[in-house]
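I have placed the structure first, in the form of structure tokens, so that the comments after it can refer back to it.
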Ligand code: 13P
Ligand code: SF4
């Protein structure tokens, strides 16, 4: 069985598998740790494995490589990129910084290493508001997700300078989906990811990272939940809460790149030690400063 082969290869290579909450169920089941972007960065920073197989998308594997020079970081499929991360380049960010010389740059981890290297601090969906409020500067350039930065702007006194990026898999969720879901499951708690549109966030009961949703669903006395994020998370929610019901806010909220990792290419990654993720040292050092600062602040949901 492929699962046995992967377990054996993991032992031989002293490897761990880190998987994002959006991965397919079979990958989640074989992983050593399943979590959100912040949890995955924390795990990558503290692991003593020699090899990290990263089942997520490119910016997550890159963060693991930035945080660890002594480990080999592998991506099973290098085509697993994040379209939102491609919506900003270091050149464009430098031009924006010139326009706002007094502003600090808070950069969502969904960005390239080169963009992180141009930023003061990183954040994830689980700590964006806390990170922005922790800054001394009054003006913040928040990149690249506009929906997340609008959510931050609603929860801070800082002046937020927005960027026009978005996640196609969350942007597809509409206000009408929430109204329909509410009508169908009136007892359902509506949990949405801050990458959703403002009009969707407005109708939610809770705005949470994927890790925040996992914890909230476990601890809440509610028995029904409507989930406004990528549908891969439903596997874990249902597995960990078999007596509760979970409904997707939209069946269209799928991130195709997150689904590129399979048992087959995970086995190949370990067998052939492919595809190794490296970051040029000058960029890595600067990007690490932004990630380390975020890890010091920690989680907020
Ligand atoms: P989380 O950090 O909440 O898991 O989000 C990651 C992501 O890519 C959301 O689209
Ligand atoms: Fe990027 Fe959206 Fe996919 Fe997350 S769900 S990896 S933000 S495209």
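Inside the stretch 44-60, can you point out the residues that are within 18 Å of residue 292 (Cβ to Cβ) and either within 13 Å of ligand 1 (Cβ to nearest atom) or modelled with pLDDT under 95 (or both)? Quick ask: steps written out before the conclusion?
Of all residues in the stretch 44-60, those within 18 Å of residue 292 (Cβ to Cβ) come to 44-47, 52, 59-60.
44, 45, 46, 47, 59, 60 - these are the residues of the stretch 44-60 that are within 18 Å of residue 292 (Cβ to Cβ) and either within 13 Å of ligand 1 (Cβ to nearest atom) or modelled with pLDDT under 95 (or both).
Going by the structure shown, is residue 46 surrounded by fewer than 18 Cβ atoms within 10 Å (Cβ to Cβ), within 26 Å of residue 301 (Cα to Cα) and out of contact with any strand residue (DSSP E or B) (no Cβ under 8 Å at 6 or more places or on another chain)? Please lay out each step first, then the result.
Working: surrounded by fewer than 18 Cβ atoms within 10 Å (Cβ to Cβ): yes; within 26 Å of residue 301 (Cα to Cα): yes; out of contact with any strand residue (DSSP E or B) (no Cβ under 8 Å at 6 or more places or on another chain): yes.
Yes, satisfied.
Taking the options 172, 161, name whichever one is touching a helix residue (DSSP H, G or I) at 6+ places or on another chain (Cβ under 9 Å) and in contact (Cβ under 8 Å) with a residue 12 or more places away in the chain.
The unique qualifying residue is 161.
All but one of (1) farther than 21 Å from residue 82 by Cα; (2) within 16 Å of ligand 2 (Cβ to nearest atom); (3) not in a helix (DSSP H, G or I) hold for residue 190, so report the exception by its number.
(2)
Could you identify the single residue in 212, 228 that is away from ligand 2 (no atom under 14 Å from the Cβ), surrounded by 14 or more Cβ atoms within 10 Å (Cβ to Cβ), under 17 Å from the mean Cα position of the chain (by Cα) and within 23 Å of residue 255 (Cα to Cα)?
Values: 228 fails: away from ligand 2 (no atom under 14 Å from the Cβ).
Step by step, each of 212, 228 is checked, and only 212 is away from ligand 2 (no atom under 14 Å from the Cβ), surrounded by 14 or more Cβ atoms within 10 Å (Cβ to Cβ), under 17 Å from the mean Cα position of the chain (by Cα) and within 23 Å of residue 255 (Cα to Cα).
Given the conditions (1) over 24 Å from residue 172 (Cβ atoms); (2) in contact (Cβ under 8 Å) with a residue 60 or more places away in the chain, report the number of the one that residue 101 does not fulfil.
(2)
What number of residues within the stretch 235-264 satisfy the criterion of being outside any loop (DSSP other than H, G, I, E, B), away from ligand 2 (no atom under 14 Å from the Cβ) and surrounded by fewer than 19 Cβ atoms within 10 Å (Cβ to Cβ)?
So the first thing to find is which residues in the stretch 235-264 are outside any loop (DSSP other than H, G, I, E, B), and the list is 235-240, 245-248, 256-260, 263-264.
Within this subset, residues satisfying the condition of being away from ligand 2 (no atom under 14 Å from the Cβ) are 235-240, 245-247, 263-264.
In the following step, the residues that additionally are surrounded by fewer than 19 Cβ atoms within 10 Å (Cβ to Cβ) were identified as 238-240, 245, 247, 263-264.
Number of matching residues: 7.
Could you say which residue among 161, 143 is modelled with pLDDT of 95 or more, more than 14 Å from ligand 1 (Cβ to nearest atom), within 15 Å of the chain's Cα centre (by Cα) and over 18 Å from residue 21 (Cα atoms)? Before you say what the answer is, go through the steps one by one.
Values: 161 fails: within 15 Å of the chain's Cα centre (by Cα).
Result of the check over 161, 143: 143.
Taking only the stretch 18-43 into account, find how many residues are surrounded by 20 or more Cβ atoms within 10 Å (Cβ to Cβ), in contact with a helix residue (DSSP H, G or I) (Cβ under 6 Å, 6 or more places away or on another chain) and not in a helix (DSSP H, G or I).
Matching residues across the stretch 18-43 total 7.
Hey, can you tell me all the residues within the stretch 62-82 that are within 13 Å of residue 18 (Cα to Cα) and in a loop (DSSP other than H, G, I, E, B)?
Matches in the stretch 62-82: 75, 76.
Kindly indicate whether any position in the stretch 128-141 is within 16 Å of ligand 2 (Cβ to nearest atom) and part of a helix (DSSP H, G or I). Please lay out each step first, then the result.
Here is the first cut: in the stretch 128-141, the residues within 16 Å of ligand 2 (Cβ to nearest atom) are 128.
Those left that are additionally part of a helix (DSSP H, G or I): 128.
Looking through the stretch 128-141, at least one residue is within 16 Å of ligand 2 (Cβ to nearest atom) and part of a helix (DSSP H, G or I).
Take the residues in the stretch 153-178 that are assigned to a helix (DSSP H, G or I) and more than 16 Å from ligand 2 (Cβ to nearest atom), then tell me which one is nearest to residue 199 (Cα to Cα). Before the answer, list the steps.
Step one: list which residues in the stretch 153-178 are assigned to a helix (DSSP H, G or I), which gives 153, 168-171, 175-178.
From what's left, more than 16 Å from ligand 2 (Cβ to nearest atom): 153, 175-178.
Details: 153: 15, 175: 6, 176: 10, 177: 11, 178: 10 Å.
Selected residue: 175.
The values are calculated or read from the model by the stated rules, or taken from the named source; none is laboratory data. Nothing here was measured: the structure is a model prediction, and the numbers come from that model. Cβ coordinates were reconstructed from backbone atoms using ideal geometry, including for glycine residues, and neighbour counts include every protein chain displayed.
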